[in-house]
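Below: the structure, in structure tokens.
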Number of protein chains: 4
Amino acid sequence: MAPVTPQSLSPRKRPRQARAAATVDAIYEATIQVLLSDGPQRLTTTRVAERAGVSVGTMYQYFPQKRALIHALNERYLDILAERIEATCRQQHGASAGMMVVALIETYWQAKTERPEVTRALYRSVADLDNSALIESFAQRVDSATTQMLESASDSCFQDLALVNRTLVTTIFGAVRNAFERQLADQEAAGIMQQLALMCRAYIEAVSAPR
Amino acid sequence: MAPVTPQSLSPRKRPRQARAAATVDAIYEATIQVLLSDGPQRLTTTRVAERAGVSVGTMYQYFPQKRALIHALNERYLDILAERIEATCRQQHGASAGMMVVALIETYWQAKTERPEVTRALYRSVADLDNSALIESFAQRVDSATTQMLESASDSCFQDLALVNRTLVTTIFGAVRNAFERQLADQEAAGIMQQLALMCRAYIEAVSAPR
Amino acid sequence: MAPVTPQSLSPRKRPRQARAAATVDAIYEATIQVLLSDGPQRLTTTRVAERAGVSVGTMYQYFPQKRALIHALNERYLDILAERIEATCRQQHGASAGMMVVALIETYWQAKTERPEVTRALYRSVADLDNSALIESFAQRVDSATTQMLESASDSCFQDLALVNRTLVTTIFGAVRNAFERQLADQEAAGIMQQLALMCRAYIEAVSAPR
Amino acid sequence: MAPVTPQSLSPRKRPRQARAAATVDAIYEATIQVLLSDGPQRLTTTRVAERAGVSVGTMYQYFPQKRALIHALNERYLDILAERIEATCRQQHGASAGMMVVALIETYWQAKTERPEVTRALYRSVADLDNSALIESFAQRVDSATTQMLESASDSCFQDLALVNRTLVTTIFGAVRNAFERQLADQEAAGIMQQLALMCRAYIEAVSAPR
DNA sequence: AATGAATGAGAGTTCATTCAT
DNA sequence: TATGAATGAACTCTCATTCAT
């Protein structure tokens, strides 16, 4: 497999010192701020540097190209998201399959809606970036975590776990994203999330044998 | 309801003559071509005009801003998509609910994968466009068509049709898009689509009373 | 002397028919309107034609270049202005010199302030036009008219009439224009106009012998 | 009082280093050169930058818009002009009123005719700029300087100094400008300037009481 | 005679990136 | 090492003018 992050997009140096880490974080935060206030079109290196309180030159020390910055930002976002999903999976280890899907839905919905504008801004920022490797890597982490979780279900046992897993993940993540993007009222969204859980449970019922 | 397309984004003039209509179509096609070959970043007004074989000036006669072009392109895409979905819904009128969801999945998947690169290109093109009004309008057309379809189901009757409908649409469209974006192998994708149908049927079973 | 209006700037055809004259007038008026509402920078041929209710093509029949239009507009303005001054001069024939300067000041001030915005707009429109020939021609008409008038003064007789005349004209027109451009309050302006008359009379007193 | 120069028209950054100051001066001089050789219509940012020997980008660092450049240029011109007039007024402090007007006429005429083409070019450059605030500010500086001067006249004392002052300033500046713009032969112009002085003295005589 | 679609050079402006300080 | 002035290619958009209809 090709490395997820090509050399040209990786930070020039890993931040070894605390100061450097703080700088990088400031740059990330500034990028999000600019994205939110000015939109992806007006996301310029100068603006980000200014907002972050560093000079462009310094920024180029950490991110050799503008695209590297956006790439890193998304990498970080997906990393955190994957970690949260993994945590949920670990936590639901051994629970009933029904509990699992509910927890998964809840986690993903939560992650998206905590800072909805940031979520949206990040989506828009990658428009001209080939982030498929990033996405693929994220998907594999999730796949692996959810597979392990489902395997441990206390009440169900699946013939073709890989397929069931992929179906559930695709459906849940797809539906949640869709609901999120339609900007529905909170209550409406909650209703759909509930129905989504119901649907997943009905599916599990249909494809699993009792353990 | 506010108009879907603000004045600033609507074509300056409707093509009255056949020649003008051909010009507009050439511009649309050129936009897609440039999007495919050069990416959204390199989608420039000059490049589009050149590829379309017209002058920039002419292009600006029909699209007063670059964004208007992208907006119109997406509007057209969503329009065609909505029509196809409506056609499917009409066709499935009176069928069983299970047939309906299969047809819906099939139609949407088909629409996305016929020219997958175009689909992807269009998604990327809207990065700095507020297309939420467009999306909303599309969603309402779909909602209305699928609701009418489900109402006519020969074998099922739903207590809260609106909720069921929205859940199904959100799930199907979300899952299909997600599967599409992961660029799975054909067979894998087909497998998931099948499972998705199964899942929807299980859900329908669970929430409907026999007619 | 070179002709005031070079061939390249003269209307392609003299309006012989009433309809054509109406068209030309509509174009003039439209030019002023656009100048007022959009400024000289946004004074475009298309905009003028549209406002005048004719096509660009038709406009180019009458004015072969954009500069020809502006040139003609200014020519017309100066023509009307010269006529008014000549009328005043004729009217004051045989009056006292004091009356004459008052009438001159009054006429010029009146002409400028009747439609102050139009006056200003016209000034701005000529920025990149060599209108010195136009100005010169206007100046000569005025010179000639005022000289004749002053010659007939009932109470004064000048040794060097040409010099006195040029001094008075230069001073009056310069002062009035200056006062106009400073956009003083009406009363203030009126005060200065009165003082200007006083000044001119004092000058006449100083340089004339009683008749 | 509102600031004379709106933020949008003020230089983006003040030149801090000697090099930057030189750059700004080069840009000013280049603007005048282009104005002289190409006319206001062909005064483009690229041309100015090229002539100044800097890149457009650099120019935009100091002048955020083309209009800002023209505005600054005029501001500078009026500033220098006001300073010269103030110097003359200081120098004539305590002189006779007759001397004063002569000095004023002389100074203004001198300023205009030293580099007549530059003067003309600057006038034309402001066509689509609202420089009334600039003009107003200039006028007030002049008013104040001339008022102080006239107050100190050794031989005259005015009942309504403000009115006399404004009349003199309006007349002198208007007449000088008018004479300048007519491009009279040197001798002719000199003759009129002399008569203008005479006229002003006659006026002063008429409206002042001996001290 | 009148129209207005088409042209395309050229305008103002931005911004990723470099490099002397 | 950090800075931010300088660069200039590339962008979006305009508009005087032409000419097929």
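The values are calculated or read from the model by the stated rules, or taken from the named source; none is laboratory data. Please read all numbers here as calculations on a predicted model, not as lab measurements. Heads up, the Cβs are rebuilt from the backbone with ideal geometry, glycines too, and the neighbour counts pull from every protein chain shown. What goes into the accessible areas is simple: the full protein's heavy atoms, side chains included, and nothing from ligands, DNA or RNA. Shrake-Rupley method; radii C 1.70, N 1.55, O 1.52, S 1.80 Å.
Calculate the dipole size of chain C relative to its Cα centre from +1 charges on Lys and Arg beta carbons and -1 charges on Asp and Glu beta carbons; express the result in debye to the nearest 20.
Computed about the Cα centre, the dipole is about 820 debye.
Rounded to the nearest 20 debye, what is the charge dipole size of the protein assembly as shown about its Cα centre when +1 sits on each Lys and Arg Cβ and -1 on each Asp and Glu Cβ? Before the final figure, lay out each step's value.
On the way: 92 positive and 88 negative charges, 270 e Å.
The calculated dipole for the protein assembly as shown is roughly 1300 debye.
Given 20 °C and 1.002 mPa s, compute D for the range A:15-64 with the Stokes-Einstein relation, Rh being the Kirkwood radius over Cα pairs; round to the nearest whole µm²/s.
Working: Rh = 10.7 Å.
Once the numbers are plugged in, D ends up at 200 µm²/s.
Heavy atoms only, probe 1.4 angstrom, no DNA, RNA or ligands counted: give me A:VAL142, A:VAL102 ranked by accessible area, highest first.
Details: A:VAL142 5, A:VAL102 65 Å².
Accessible-area ranking of A:VAL142, A:VAL102, largest first: A:VAL102, A:VAL142.
Roll a 1.4 angstrom probe over the protein heavy atoms and tell me the percent of accessible area of the range C:7-210 that is carbon or sulfur.
48
When only Cα pairs under 8 Å and 6 or more residues apart are kept, what is the percent relative contact order across the range C:48-135? Before the final figure, lay out each step's value.
Working: 30 pairs, mean separation 27.6, N = 88.
About 31 percent, as a whole number.
Which of the listed residues, A:MET99, A:THR170, A:THR147, is farthest toward the dipole's positive end in the range A:67-210, when Lys, Arg count +1 and Asp, Glu count -1 at the beta-carbon?
A:THR170
When only C-alpha pairs under 8 Å and at least 6 residues apart count, what is the relative contact order of chain C, in percent?
It comes to 23 percent, rounded to a whole number.
For the range D:168-195 and the range B:84-106, what is the centre-to-centre distance using only Cα atoms, to the nearest Å?
89
The range A:156-184: which residues show an accessible-area loss of 20 Å² or more, assembly versus chain alone, 1.4 Å probe?
Flagged in the range A:156-184: A:LEU163, A:ARG166, A:THR167, A:THR170, A:THR171, A:GLY174, A:ALA175, A:ARG177, A:ASN178, A:GLU181, A:ARG182.
If you take the C-alpha gyration tensor of the range A:136-199, multiply each eigenvalue by 5 and take the square root, what semi-axes do you get, largest first, in whole Å?
Rounded to whole Å, the semi-axes are 25, 15, 9.
State, in angstrom, two size descriptors of chain D derived from its alpha carbons: Rg to one decimal place and Dmax to the nearest whole number.
My reading of the Cα-based Rg and Dmax gives 19.6, 62 Å.
Considering only the label points, 7 Å along Cα→Cβ from Cα, what distances in nm to one decimal separate C:ALA185 from the same position in each other copy, shortest first?
For C:ALA185, the inter-copy label distances come out at 4.7, 5.8, 8.9 nm.
Take the rotation relating chain B to chain D, measure from its axis to every Cβ in chain B, and name the nearest residue with the distance in whole Å.
Residue of B nearest the axis onto D, distance in Å: B:THR46, 9.
Going toward the positive end of the dipole of the protein assembly as shown, with +1 on Lys and Arg Cβ and -1 on Asp and Glu Cβ, which of A:ALA30, D:ALA52, A:TYR60 do you reach last?
Of A:ALA30, D:ALA52, A:TYR60, it is D:ALA52.
Rolling a 1.4 Å sphere over the protein heavy atoms, what is the accessible area per residue of the protein assembly as shown, to the nearest Å²? Don't skip to the end; give the middle numbers.
On the way: 40680 Å² over 844 residues.
Value returned for the protein assembly as shown: 48 Å² of accessible area per residue.
Normalised by the empirical 2.2 N^0.38 Å for globular proteins, what value does the Cα Rg of the range A:33-143 take?
Values: Rg = 16.8 Å, N = 111, 2.2 N^0.38 = 13.2 Å.
The range A:33-143 yields a ratio of 1.27.
Under 22 Å between alpha carbons: how many lysine pairs meet that in the protein assembly as shown, if sequence neighbours fewer than 8 apart on the same chain are excluded?
Close lysine pairs under the 22 Å cut-off: 4.
Using θ = phi - 60° and the Karplus relation 6.51 cos²θ - 1.76 cosθ + 1.60, list the HN-Hα couplings for the range C:194-201 in order, rounded to whole Hz, with x at every Gly or Pro.
5, 5, 4, 4, 4, 4, 5, 5
Largest first, please: the extent of the C-alpha atoms of the range D:91-144 along each principal axis, to the nearest Å.
42, 24, 13
Am I reading the D/C interface right? What is its buried accessible area, both sides, 1.4 Å probe, to the nearest 100 Å²?
Answer for the D-C pair: about 3400 Å² buried.
Which distances in nm, rounded to one decimal and ordered from shortest, link the label point of C:ASP160 to the equivalent label points in the other identical copies, with labels set 7 Å from Cα toward Cβ?
3.3, 10.3, 11.2
Rounded to a whole number of µm²/s, how large is the Stokes-Einstein D of the protein assembly as shown at 4 °C and 1.567 mPa s, given Rh as the Kirkwood radius over C-alpha pairs? If you can, show how the numbers build up before the last one.
Details: Rh = 34.0 Å.
Calculated translational D: 38 µm²/s.
Quick one: how many Å² of C:TRP109 are accessible to a 1.4 Å probe, rounded to 10?
50
For the range A:15-64, calculate the relative contact order in percent as a whole number, restricting contacts to Cα pairs under 8 Å that are 6 or more residues apart.
Relative CO of the range A:15-64 lands at 34 percent.
Under 5 Å between amide hydrogens, which residues at least 5 positions from C:SER156 or on another chain qualify, with H placed 1.01 Å from N in the peptide plane?
So C:SER156 has HN proximity to C:ALA97, C:ARG211.
Sum -39500 (n - 2.57) across every DSSP H segment of at least 4 residues in the protein assembly as shown, then divide by the residue count to get the 222 nm mean residue ellipticity, nearest 500.
For the protein assembly as shown, the value works out to -24000 deg cm²/dmol.
Between the chain alone and the structure with every protein chain in place, find the residues of the range B:188-202 that drop at least 50 Å² of accessible area; heavy atoms, 1.4 Å probe.
Output list: B:ILE192, B:GLN195, B:MET199.
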